[in-house]
Amino acid sequence: MFSTKRTIVAALVSITLIGCGEATTKTETTPAAPTAQDAQEFLINAQNDISKMQVPAAHAEWSYATNINFDTAAVSAYFNEVLSTKVAVLAKEAAKFNDVEVDEDTRRQLNLLKNGLTMPPPSDPAKAEQLAKIGSELSAMYGSGQYCMEDGTCKSLVEMSSEMATIRDADTLLEYWKGWREVSVPMKPLYEQQVNLANEGAAELGFQNVSELWRGKYDMPADDFPKELDRLWGQVAPFYESLHCHVRAKLGEHYGEELVPQDQPIPAHLLGNMWAQTWGNVYDIVKPEQEMSVPDVTSSLVAQGYDEIKMVKQAESFFSSLGFAPLPDTFWERSMFQKPEGRDVQCHASAWDLDDKDDLRIKMCIQKTGEEFNVIHHELGHNYYQRAYKDQPLLYRGSANDGFHEAIGDTIALSITPKYLKEIGLIDEIPDASNDIGMLMQVALDKIAFIPFGLMVDQWRWKVMAGEVSPEQYNTLWWELREKYQGVKAPIDRPADAFDPGAKYHVPANVPYTRYFLAHILQFQFHKALCDIAGDEGPLNRCSIYNSEEAGTALNAMLEMGMSQPWQNALETLTGSPEMDASTIADYFAPLKTWLDEQNATRQCGW
Ligand code: X8Z
Ligand code: ZN
């Protein structure tokens, strides 16, 4: 749908929702007692209006994200304002048909129009302008952010992130951790204003606040959705706690228990990632003592001279092996694969569909690592999804729910198994089953460690948007949730003016985050379903669907539905069940869970 399409995917979020062009007179002449036919005509006109302006808006946004400066900021803020204002007007008009008896499709499209915006602008033009400007300012603060050290040298987020993956000196890690969080201090007053403005816009659309709007996009009542998340988290939490327990113990051995007390949350700077959201980079510290052969994709990529383009071509060829058409020439001409010299760009990876036809692109500052090889698959998953639903009506051009969009490329990346790596010549030998604990550990450090982070970000935002927490408490609440869900703590006392949520891209960029939590559950369900279809009877962690056109066809059948039906139907189409379910995760990692429980037998777990 228009709102999600460039949002997530393009990760532009706020602008994405920008919607449409010239006002039509048709909608204004709708008779006093509207009919079902009026509703259909209204939807046709609304979608035409939106699609007309979406393309130039997307170009403006692309120009901004790949070249952050005063002028590109002004143009993208302008389009954001105009389009989101138009969508808000149409969303209000859609309410006229609330009591009209219409068919299922019409009702679904009206509803999608009503709740499509992410940060709805108030109808007061000055306030709408203000909201758009704040959005682009926050985004620039993040994209051009850097940390300058005492000796005057400055480091970008990409540089610090890449160093934090391998640095094992706690002082340097702390310096970078702290340094990056200086970028978000000035965001706080803007963020506060933005919450108030978007809440005003949401109220005009009939929502209590932005929290209710965001929670209401999942084909179930907004208040039931958090319960669904609790249920899923309940399925994973015991496994997460086992992993946490082992990782904390090993970090304690490495850094000393004074730095890593064994009855407290883990200090957030020691996990190999700027936000402690994935832990795969500390595999060397937490790996099993018994020697395990685990493919080191980073070394193989480097040894074989892969450059950025070759990494993307390799990812494309996986999709081709499933029967997906190759990416268009324009993808290679127009994408941004590397950080350009001499200008600020938004390095956070994103995938774009600029015209709903075939102008697909990715924007990344690719690092030559196994981690980034996965991110490339993630981004291409968005592009193939976008292409699959491009012929749906505009309001259905989106994923079944936003977690689906985030899950597709990750699902493919779960098929980057030793068998596949050998097939494409990245490794010589497939390690035997005695190495599985090591390999499962490597995957769990990224996928399982992420899950509570994926959950807590919007637990924070929902409370903020609902006004349940005052701005003075924003940062305190952030750390309460980090401790509660992740068992991770700030390594040092946070200053009163800190705004640590702003140091995570999706907060200043207003990209909802629950989608990634859902994606981490869904991708295992998708992987299992596709492995079954591909006829792979081995253990799930060794299954690769590479070269299975049957799996590709089944996947495509779900992708091309877009959001034309409730996500439960889309899920059922691929997996046979309409329920999100984390029990596949338990199956996938079962041997690791047993191993962790043995390791933890004499440890005091929890925090
Ligand atoms: O933002 C992303 C993608 C773009 S949609 C790179 N991800 C989340 C993050 O980086 O925080 C993927 C996993 C979680
Ligand atoms: Zn994504």
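Throughout, read-outs are computed from the coordinates displayed, never taken from laboratory work. Treat the numbers as computed from the prediction; the structure is a model and nothing was measured. All Cβ positions, even for glycine, are placed from backbone atoms using ideal geometry, and neighbour counts span all protein chains on display.
At-a-glance table
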quantity: The chain - charge dipole about Cα centre, Lys and Arg +1 at Cβ, Asp and Glu -1, debye rounded to 20; calculated: 620 debye
quantity: The chain: relative contact order as a whole-number percent, Cα under 8 Å and 6+ apart; calculated: 19 percent
quantity: Pairwise centroid distance, computed over Cα atoms, of the range 189-217 with the range 321-381, Å; calculated: 31 Å
quantity: Distance histogram for the range 49-119 (every C-alpha pair counted, 5 angstrom bins, percent rounded to whole numbers); calculated: 3, 16, 21, 19, 14, 11, 7, 5, 3, 1
quantity: Per-q log10 I(q)/I(0), the range 294-408, q = 0.10, 0.19 Å⁻¹ (Debye; single scatterer per alpha-carbon; no solvent); calculated: -0.31, -1.06
quantity: Residue-count net charge about ILE430 - beta-carbon cut-off 12 Å; Lys, Arg +1, Asp, Glu -1; calculated: -2
quantity: Size of charge dipole - the range 423-516 - debye, nearest 20, with Cβ of Lys, Arg +1 and Asp, Glu -1, no other charges; calculated: 540 debye
quantity: Centroid-to-centroid separation of the range 224-285 and the range 443-463 [C-alpha atoms, Å]; calculated: 11 Å
quantity: Listed residues ALA551, GLY576, TYR505: farthest to the positive end of the dipole of the chain (Cβ charges); calculated: TYR505
quantity: Neighbour-count ranking [beta-carbon atoms within 10 angstrom, fewest first] of TRP607, TRP332; calculated: TRP332, TRP607
quantity: Listed residue (HIS377, VAL297, SER415) projecting farthest to the positive dipole end of the range 286-437, Cβ model; calculated: HIS377
quantity: Exposure proxy ranking, count of Cβ atoms within 10 Å, fewest first, for HIS246, HIS378; calculated: HIS246, HIS378
quantity: As computed over the range 360-414, the Cα convex hull volume per residue (Å³); calculated: 77 Å³
quantity: Cβ-defined net charge surrounding LYS92, 9 Å radius [Lys, Arg +1; Asp, Glu -1]; calculated: 0
quantity: The range 456-510: equivalent-ellipsoid semi-axes (sqrt of 5 x gyration tensor eigenvalues, Cα, Å); calculated: 16, 13, 12
quantity: Long-range tail of P(r) for the range 128-257 (Cα pairs > 18 Å, %); calculated: 73 percent
quantity: The chain - share of DSSP beta bridges that are antiparallel (%, nearest 5); calculated: 70 percent
quantity: Ellipsoid equivalent to the range 395-540 - semi-axes via the Cα gyration tensor, in Å; calculated: 36, 20, 12
quantity: Descending semi-axes in Å of the range 184-255, equivalent ellipsoid built from Cα gyration tensor; calculated: 36, 23, 5
quantity: Cα centroid separation, the range 382-428 to the range 42-118 (Å); calculated: 26 Å
quantity: Relative frequency of Cα-Cα separations exceeding 24 Å in the range 188-305, percent; calculated: 57 percent
quantity: Relative exposure of ILE437, ILE412, judged by other C-beta atoms within 10 Å (fewest first); calculated: ILE437, ILE412
quantity: Relative counts (whole %) of C-alpha pair distances in the chain, using bins that are 10 Å wide; calculated: 3, 17, 28, 28, 17, 5, 1, 0
quantity: Within the chain, helix-based [θ] at 222 nm, where runs of 4 or more DSSP H residues each add -39,500 (n - 2.57), nearest 500; calculated: -17500 deg cm²/dmol
quantity: Efficiency of FRET from Cβ geometry, ARG603 and ALA325, R₀ 51 Å, rounded to 0.05; calculated: 0.50
quantity: Residue among MET465, PRO491, ILE451 farthest towards the positive dipole end of the range 448-496, charges placed on Cβ; calculated: ILE451
quantity: Mean projection area, nm², convex hull over Cα of the range 269-349; calculated: 8.7 nm²
quantity: P(r) tail fraction, the range 478-606 - alpha-carbon pairs more than 25 Å apart, %; calculated: 48 percent
quantity: For GLU175, net neighbour charge (Lys/Arg +1, Asp/Glu -1) across residues whose Cβ lies under 15 Å away; calculated: -3
quantity: Residues with amide H under 5 Å from that of LYS489, placed H, sequence gap 5 or more; calculated: ILE266, ALA268
